[in-house]
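Some notes on the structure that comes next.
Where a number appears in this text, it was derived from the coordinates with a stated rule and is not lab data. The structure displayed is predicted, hence computed values, not measured ones. Positions of Cβ are generated from backbone atoms using ideal geometry, with glycine treated the same way; all protein chains shown enter the neighbour counts.
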Number of protein chains: 2
Amino acid sequence: MNIGLLGFGVVGRGVYDITAARDDMQVTKVICLEDITLPDAEVTRDFNKILTDDSIDTVVEAMGGLHPAYEFVRAAIEAGKNIVTSNKALVATFYDDLLPLAAEKGVAFRCTAAVGGGIGWLSELERVRRVQEISMVGGIMNGTCNYILDSMTRLGLDYGEALKQAQALGYAEANPSTDVDGIDTWHKLILSSNVAFGVSMEHESVPVCGISRISAEDIANFKANGLTCKLVSRGTQAEGKYTAYVQPTLFPQGALEAAVPTNFNLITLDGEYSGRQSLYGQGAGRYPTAYNVVEDCVSVLAGKSFYSPYGGKVSADNSVKLRYYVRGGDAWIDSVTAEKWGTASVTEPVAVNEIHAWLKNNPEAFIAAIAE
Amino acid sequence: MNIGLLGFGVVGRGVYDITAARDDMQVTKVICLEDITLPDAEVTRDFNKILTDDSIDTVVEAMGGLHPAYEFVRAAIEAGKNIVTSNKALVATFYDDLLPLAAEKGVAFRCTAAVGGGIGWLSELERVRRVQEISMVGGIMNGTCNYILDSMTRLGLDYGEALKQAQALGYAEANPSTDVDGIDTWHKLILSSNVAFGVSMEHESVPVCGISRISAEDIANFKANGLTCKLVSRGTQAEGKYTAYVQPTLFPQGALEAAVPTNFNLITLDGEYSGRQSLYGQGAGRYPTAYNVVEDCVSVLAGKSFYSPYGGKVSADNSVKLRYYVRGGDAWIDSVTAEKWGTASVTEPVAVNEIHAWLKNNPEAFIAAIAE
């Protein structure tokens with residue numbers, strides 16, 4: 001396999017390093033905007049040099065961002081090249097465009113590293129789907145949020161302090177919005193639901209709220225009630241009906257989710273025969289992520305394409321009711337409150353879509369679902 | 001795929017049910033010692049009817065036990081049939097005989113359900129090995145022991161009460177020795193090490209001790225020190241040196257292992273690029289186990305054989321030193337004791353092989369390693 005590598009940052013460099021030791025593949029051209037030289041690969045700023053190189057059968061996209069990653073990947077598919085990417089935003093955003101095109105052109109499209117970094121999550125969904133229906137996917141999919149919540153819980157830090165520490169350690173970006181507002185988890189949930197259920201989930205039907213409003217007061221409330229807060233995604237299917245949402249969620253202190261430390265991920269499926277299965281590991285980082293990119297290249301060599309057939313558009317129906325912890329409520333929250341934890345409310349079961357709609361109009365509030 | 005199914009108990013019946021709904025495989029003959037009839041398969045007591053049936057390409061062994069399972073599986077391989085089995089004792093015991101023979105005869109040999117039941121553990125090792133070296137495998141591999149230890153910890157039960165409850169719920173056999181003495185975990189560790197490291201681990205070099213000597217007093221000691229006891233296997237490789245052992249192990253209450261409830265399994269690998277990864281799920285039960293048997297049949301159809309090349313014999317060098325909790329010590333234990341928890345000792349680091357040798361001569365004692 002001859003690889004054209006787009007991007008030579010954290011992931012791209014890792015892919016280059018891992019493939020360098022292999023006989024079955026080599027990176028022959030690299031797109032990099034910096035002036036570097038590599039012993040075994042041509043470095044260029046010109047994507048056309050990869051696109052028009054017939055010896056390159058596979059494009060590994062490790063640039064991140066939507067543009068020009070989308071244009072490059074689309075052109076590569078059109079040119080009959082296989083795609084391997086770790087870019088969850090790209091795949092989730094352009095799912096309806098790129099996946100049917102890849103199928104039409106008969107090229108492989110793999111993105112295992114896009115969800116769970118070094119965890120074999122999407123590839124396990126692919127395996128599981130061969131024998132059983134999946135009724136649920138979801139879990140802790142963002143290491144930055146888990147690191148912040150874990151620090152706040154274990155060390156008693158404020159949100160701002162925990163974020164600063166995560167940034168100092170390289171676990172959070174200078175602009176952390178994509179992680180802490182849940183967008184990264186949202187992309188991963190949409191992609192996981194698409195693969196697990198064989199659908200294309202309507203993005204607008206999937207509500208998301210993140211952790212940036214959480215306070216030390218909230219954490220103290222959770223601890224006092226034997227609960228631990230995690231940012232969690234959840235997607236379900238049953239009889240043609242779907243749910244999908246991302247929100248802070250409270251687990252009993254003895255639950256597996258509550259034991260996930262620092263920047264680790266824990267992602268779960270529920271299968272009709274296997275029951276609940278969870279995968280735990282490093283959801284980010286150079287070598288874990290690059291490792292799964294290279295796994296995907298091996299899978300392409302073994303004849304694998306995408307993880308599931310492309311399915312049509314579906315919308316999440318989030319009418320399922322959960323109990324919520326709410327700080328910063330109003331008269332409506334008061335009307336559904338079952339008990340008070342300090343100044344915060346714990347509600348009777350309310351519909352997921354209803355409380356997320358309320359939150360849009362009350363952006364200063366913080367909510368967390370109480371896991372069943 | 002035409003399947004000859006050996007055994008129609010818990011797992012065999014599950015395999016029959018799951019395959020009945022599939023187009024790509026069917027069970028055409030079943031060995032069953034009871035007089036039953038099946039709509040789509042011939043039931044017989046005569047293995048030769050399967051062996052000499054050229055239309056049967058794959059034998060699924062779900063009888064359990066070593067004999068006649070071994071003779072049947074060996075004859076089926078000789079006859080050029082693929083093997084799928086969930087029988088860990090069979091595969092671990094006859095590894096050096098069956099695996100080279102299967103390779104020589106060019107037939108597939110799969111046993112994913114043998115370790116972790118419904119968890120895709122061996123198949124994930126197979127995937128992981130394509131790109132990285134594995135330095136460690138192990139974890140909670142026996143649901144019976146986990147159920148007993150979890151009941152003792154959460155409900156304060158005695159060992160005898162917890163065992164009785166597990167038996168009443170079908171989580172433990174009438175004769176529980178294979179589970180509670182760690183033999184089941186020992187077979188699973190040997191098989192996991194063989195696959196992960198590409199070796200054949202010398203059985204005699206792998207010490208095992210189980211949980212049957214544990215008491216409510218021990219559990220109280222662990223709780224008082226913030227620890228939770230699990231029966232755990234561990235195999236490592238580094239620079240051609242191996243360790244492998246099975247023993248009760250104490251984890252901090254916040255650790256992932258400590259959060260594994262009831263009869264679940266949590267199995268972990270450490271990879272050079274991915275770091276630690278764990279798989280969690282139902283390690284036993286009709287449908288989880290049968291599910292992975294059927295997954296193996298699909299993998300055989302997809303051209304997969306065994307998980308790793310057959311490797312030569314190696315011995316575990318268990319000179320690694322760990323701290324141990326010991327109840328029922330003697331003068332030697334006193335000489336290595338660092339502190340006392342009630343009447344029990346907590347030792348300085350002692351070599352794994354040394355304390356297991358001591359335990360052989362002190363069978364009334366209970367030991368548990370303290371996880372690092």
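Once amide H atoms are placed 1.01 Å from N in the peptide plane, what residues at a sequence separation of 5 or more from A:Met201, or on another chain, have their amide H within under 5 Å of its amide H?
A:Asn194, A:Val314
Specify the residue with the greatest mean-square fluctuation among B:Glu104, B:Glu257, B:Glu124, computed from a Gaussian network of chain B linking alpha-carbon atoms under 10 Å apart.
Sorting by GNM fluctuation, first place goes to B:Glu104.
In region A:195-248, which GluC sites (Glu not before Pro) are in a loop and have at most 13 other Cβ atoms within 10 Å, using DSSP for the loop call?
Details: sites: A:Glu202, A:Glu204, A:Glu217, A:Glu239; in loops: A:Glu202, A:Glu239.
For GluC sites (Glu not before Pro) across region A:195-248 that sit outside H, G, I, E and B with at most 13 neighbouring Cβ atoms in 10 Å, the list reads A:Glu239.
Based on DSSP, what percent of beta bridges with both residues in chain A are antiparallel, to the nearest 5? Intermediate results must be reported in sequence, preceding the final value.
On the way: 42 of 65 bridges.
Taking every DSSP beta bridge with both residues in chain A, the antiparallel ones total about 65 percent.
Run through the other copies and list how far each one's label point is from that of A:Glu161, in nm with one decimal, shortest first; the point sits 7 Å from Cα along Cα-Cβ.
The answer, with the shortest distance listed first, is 4.3 nm.
Pick from A:Ala220, A:Ala244, A:Ala168 the residue whose mean-square fluctuation is largest in a GNM of chain A, springs joining Cα atoms under 10 Å.
A:Ala168
Which one of A:Leu269, B:Gly12, A:Leu250 is farthest out on the positive end of the charge dipole of the protein assembly as shown, using unit charges on Cβ (Lys, Arg +1; Asp, Glu -1) and the Cα centre as origin?
Of A:Leu269, B:Gly12, A:Leu250, it is A:Leu250.
Relative contact order (percent) for region A:1-65, with alpha-carbon contacts under 8 angstrom and 6 or more residues of separation?
Numbers: 104 pairs, mean separation 30.6, N = 65.
Value for region A:1-65: 47 percent.
Within region A:77-129, which trypsin sites (Lys or Arg not before Pro) sit in a loop by DSSP and count at most 13 neighbouring Cβ atoms inside 10 Å?
Details: sites: A:Lys81, A:Lys88, A:Lys105, A:Arg110, A:Arg127, A:Arg129; in loops: A:Lys81.
For trypsin sites (Lys or Arg not before Pro) across region A:77-129 that sit outside H, G, I, E and B with at most 13 neighbouring Cβ atoms in 10 Å, the list is empty.
Assign one of three labels to region B:191-330, namely rounded, prolate or oblate, based on the Cα gyration tensor with a ≥ b ≥ c the square roots of its eigenvalues; rounded applies when a/c is under 1.5, prolate when it is not and a/b is larger than b/c, and oblate otherwise.
Working: a/c = 2.12, a/b = 1.40, b/c = 1.51.
Oblate, because a/c is 1.5 or more while a/b does not exceed b/c.
Given H placed 1.01 Å from N in the peptide plane, which residues other than close sequence neighbours of B:Phe306 have an amide H under 5 Å from its amide H?
Residues meeting the amide H criterion: B:Phe109.
Give me the dipole magnitude in Debye, nearest 20, for chain B about the Cα centre, with unit charges on the beta carbon: positive for Lys and Arg, negative for Asp and Glu. Could the numbers behind the result be given before it?
On the way: 30 positive and 45 negative charges, 107 e Å.
Value, rounded to 20: 520 debye.
If amide H atoms are built 1.01 Å from N in the plane of the peptide, which residues on other chains or at least 5 residues away come under 5 Å of the amide H of A:Val350?
Placed amide hydrogens put A:Leu322, A:Arg323, A:Tyr324 under 5 Å from A:Val350.
Report the residue of chain B with the smallest Cβ-to-axis distance, using the rotation axis that brings B onto A, in whole Å.
Looking at chain B's Cβ atoms against the axis toward A, the nearest is B:Ala259, 2.
Using +1 on the beta carbon of Lys and Arg, -1 on that of Asp and Glu, and nothing else charged, what's the dipole of region B:2-110 about the Cα centre, debye to 20? Can you show the working numbers first?
Details: 10 positive and 17 negative charges, 48 e Å.
Charge dipole of region B:2-110: 240 debye, to the nearest 20.
To make sure I understand the rule: partners must be lysines, Cα under 16 Å from the Cα of A:Lys241, and not fewer than 8 residues away in the same chain. Which ones qualify?
A:Lys313, A:Lys321
With the cut-off at 1.5 for a/c, could you classify region B:12-162 from its C-alpha gyration tensor as rounded, prolate or oblate? Write out the running numbers ahead of the final one.
Working: a/c = 2.02, a/b = 1.38, b/c = 1.47.
Taking the square roots of the gyration eigenvalues as a ≥ b ≥ c, region B:12-162 is oblate.
How high is the relative contact order of chain A, given as a whole-number percent (alpha carbon pairs under 8 Å, six or more residues apart)?
Values: 801 pairs, mean separation 68.2, N = 372.
Rounded, it is 18 percent for chain A.
Just going by the charge dipole of region A:2-110, with Lys and Arg at +1 and Asp and Glu at -1 on Cβ, which of A:Ile36, A:Gly106, A:Thr85 is farthest out on the positive end?
Checked the options; the winner is A:Thr85.
For region B:2-110, calculate the relative contact order in percent as a whole number, restricting contacts to Cα pairs under 8 Å that are 6 or more residues apart. Kindly include the intermediate steps, with their values, before the conclusion.
Details: 172 pairs, mean separation 26.5, N = 109.
Once normalised by length, the contact order is 24 percent.
Starting from the Cα gyration tensor of chain A, take the square roots of the eigenvalues, sort them a ≥ b ≥ c, and report rounded, prolate or oblate (rounded when a/c is under 1.5, otherwise prolate if a/b is larger than b/c, else oblate). Please report the intermediate quantities before stating the final value.
Working: a/c = 2.22, a/b = 1.69, b/c = 1.31.
Prolate.
For the protein assembly as shown, build the charge dipole from Cβ charges (+1 Lys, Arg; -1 Asp, Glu) around the Cα centre, then report which of B:Thr144, B:Ala220, A:Cys209 sits farthest towards its positive end.
Positive-most Cα among the choices belongs to B:Ala220.
Give the lysines reachable from B:Lys29 as a straight Cα distance under 26 Å; neighbours fewer than 8 places away on the same chain don't count.
Leaving aside lysines fewer than 8 places away in the same chain, those within reach of B:Lys29 are B:Lys49, B:Lys81, B:Lys88, B:Lys105, B:Lys304.
How much length is gained on full extension from B:Trp332 to B:Thr262, taking 0.36 nm per residue of separation minus their Cα-Cα distance? Walk me through the numbers on the way to the answer.
Details: separation 70, 0.36 × 70 = 25.20 nm, distance 3.60 nm.
Difference between extended and current length: 21.6 nm.
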